[in-house]
Each structure stands twice: as C-alpha cells, then as structure tokens.
1. Would you check if E89 is assigned by TED's automatic domain parsing to the domain that holds L74, in a helix (DSSP H, G or I) and out of contact with any strand residue (DSSP E or B) (no Cβ under 9 Å at 6 or more places or on another chain)?
2. Considering only the range 45-65, how many residues are charged (D, E, K, R) and within 20 Å of the chain's Cα centre (by Cα)?
3. Select from the range 66-94 the residues that are crowded, with 16+ Cβ neighbours inside 10 Å and over 16 Å from the mean Cα position of the chain (by Cα) and list them in ascending order.
4. Looking at the range 125-163 only, could you name the residues that are in contact (Cβ under 8 Å) with a residue 24 or more places away in the chain, closer than 19 Å to M71 by Cβ and in a loop (DSSP other than H, G, I, E, B)?
5. Check off (1) more than 30 Å from E125 (Cβ to Cβ); (2) free of Cβ contacts under 8 Å to residues at least 40 places away in the same chain; (3) out of contact with any strand residue (DSSP E or B) (no Cβ under 9 Å at 6 or more places or on another chain) for E82 and give me the number that stays unchecked.
6. Regarding the range 173-190, can at least one residue be identified that is under 27 Å from L100 (Cβ atoms), touching a helix residue (DSSP H, G or I) at 6+ places or on another chain (Cβ under 8 Å) and surrounded by fewer than 15 Cβ atoms within 10 Å (Cβ to Cβ)?
7. Pick from A122, A179, A175: which is on the phi > 0 side of the Ramachandran plot and within 20 Å of the chain's Cα centre (by Cα)?
Amino acid sequence: MDDEKNPGNRESRHRTEDAKQWFVMRDLKRRNAKLPAYKMCQERGFEYFTPIIHQLVRVQGRRENREVPFMQDLLFIKETRERLDPLVEDIPTLQYRYVLGAQHTPMVVRDADMDRFIRAVASVERPQYYRPDEITPEMLNRKIRLIGGQLDGYEGYLLTVRGSKVKRLLIELPALLAASVEVQPEYIQIIKEK
C-alpha cells in the first residue's frame with residue numbers, strides 16, 4: 001500500500017527508523033590499531049558491545065596479556081540509524097553488515113536477544129566465544145533450562161567439551177556469535193525433547 005493511502009504505514013516505518021536498535025557492524029581496522037571502532041564508540045558515548053578476550057601479544061619485544069576483540073571485525077552498536085549514519089560516513093573503516101539478499105538492509109539483532117546475550121557473558125569472568133562454524137553437533141549435548149541463580153530462566157544447550165568437568169551453557173546470536181558460560185550443576189534442569 002502507498003503511504004498516502006495508509007498513513008499508519010508511514011508512521012510505523014518512521015518510528016522504526018527513530019528507535020534505537022542493535023546494529024551489527026564491521027570494523028576493518030587492523031588488529032593492532034591504536035583506536036579501534038569500539039574505542040571510538042566509547043569516546044563518543046555510543047552504547048556498544050564487542051566480545052573481548054584476553055590474549056598474549058608482543059609489544060616492543062615483550063609479551064603482554066591484553067584485552068582484544070574476539071572477532072576483530074564484529075561490533076554491535078545500539079543507536080538510531082539517523083545518529084549512526086554520520087559516524088559510518090566519518091569513519092571509513094566502520095561499515096554496516098547487510099542482510100544477505102536484501103539490498104541495503106543493515107543487520108540488526110533484537111533488543112531482547114542482545115540484552116540476554118550481554119547479560120549472560122557479563123555473569124562470568126571469562127566467557128568462551130565461538131564463531132558459528134566452530135559449533136559442531138557433537139558439542140550440543142542436551143537442551144537445558146536454568147532454575148535459579150543469575151541466569152534464572154535461560155535456556156540453551158549444555159556444552160560438552162572433552163576432558164572438562166565444568167558445566168557450560170551455550171548462548172547464541174544465530175549466524176553471528178556464540179558464547180559459553182559456566183553454570184552451577186544445581187541450577188540445571190534438562191528439557192526433554194518431544
């Protein structure tokens with residue numbers, strides 16, 4: 001329908017463009033850049049998330065334990081498209097990730113999914129991150145629900161890693177990123193498959 005025939009259509013589309021969303025971004029800077037995009041977002045007051053890991057890096061011949069992005073080119077920014085477009089224009093190495101097959105449609109993650117993911121990884125000191133291609137069917141043991149604790153109500157797969165006695169819940173942002181977080185066995189409830 002045309003916007004003239006259905007003014008509510010124009011209003012809802014306008015509201016979506018004005019609402020803050022979690023945009024999936026790409027940072028094309030090198031790994032050793034002094035000011036990666038996530039630090040620029042921090043300086044400019046944007047709400048962002050990038051999965052951070054600890055890694056040994058060489059700095060002037062010495063090895064140092066530093067916090068670095070798990071995936072250098074993956075960044076999530078919660079903002080309106082109107083405020084984010086000027087940032088993308090200003091920083092040539094910062095780009096939107098686009099939905100495959102949908103021309104000029106930036107990828108977004110639902111607020112509830114992103115908030116759930118961030119809350120889960122923030123609940124542990126060192127979450128383990130995985131790229132989507134690193135998750136194999138053998139790693140996905142049983143479907144579980146957590147009853148009690150910090151992650152009460154969370155559902156996901158009990159991650160099976162050979163040789164580990166620690167119980168870990170796998171939390172996913174489908175096709176983008178996954179993380180496993182340690183959970184206490186007393187909070188685990190097995191969900192029976194139908």
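The values are calculated or read from the model by the stated rules, or taken from the named source; none is laboratory data. Note that the structure is predicted; figures quoted are calculated from it, not measured. Note: ideal-geometry Cβ built from the backbone for every residue, glycine included; neighbour counts use all protein chains shown.
1. On the way: assigned by TED's automatic domain parsing to the domain that holds L74: yes; in a helix (DSSP H, G or I): yes; out of contact with any strand residue (DSSP E or B) (no Cβ under 9 Å at 6 or more places or on another chain): yes.
Answer is yes for this residue.
2. Kept after step one, since they are charged (D, E, K, R), are these residues of the range 45-65: 47, 58, 62-64.
Subsequent filtering for residues that are within 20 Å of the chain's Cα centre (by Cα) retains 47.
Result for the range 45-65: 1.
3. Scanning the range 66-94 gives R81, L84, L87, V88, I91, L94.
4. R126, P127, R131, I135
5. Single failed check for E82: (2).
6. Going residue by residue through the range 173-190, those that are under 27 Å from L100 (Cβ atoms) are 173-180.
Applying the additional criterion that residues be touching a helix residue (DSSP H, G or I) at 6+ places or on another chain (Cβ under 8 Å) yields 173-179.
From what's left, surrounded by fewer than 15 Cβ atoms within 10 Å (Cβ to Cβ): 174-175.
Checked the range 173-190: at least one residue is under 27 Å from L100 (Cβ atoms), touching a helix residue (DSSP H, G or I) at 6+ places or on another chain (Cβ under 8 Å) and surrounded by fewer than 15 Cβ atoms within 10 Å (Cβ to Cβ).
7. Numbers: A122 fails: on the phi > 0 side of the Ramachandran plot; A179 fails: on the phi > 0 side of the Ramachandran plot.
None of the other options fit; the residue is A175.
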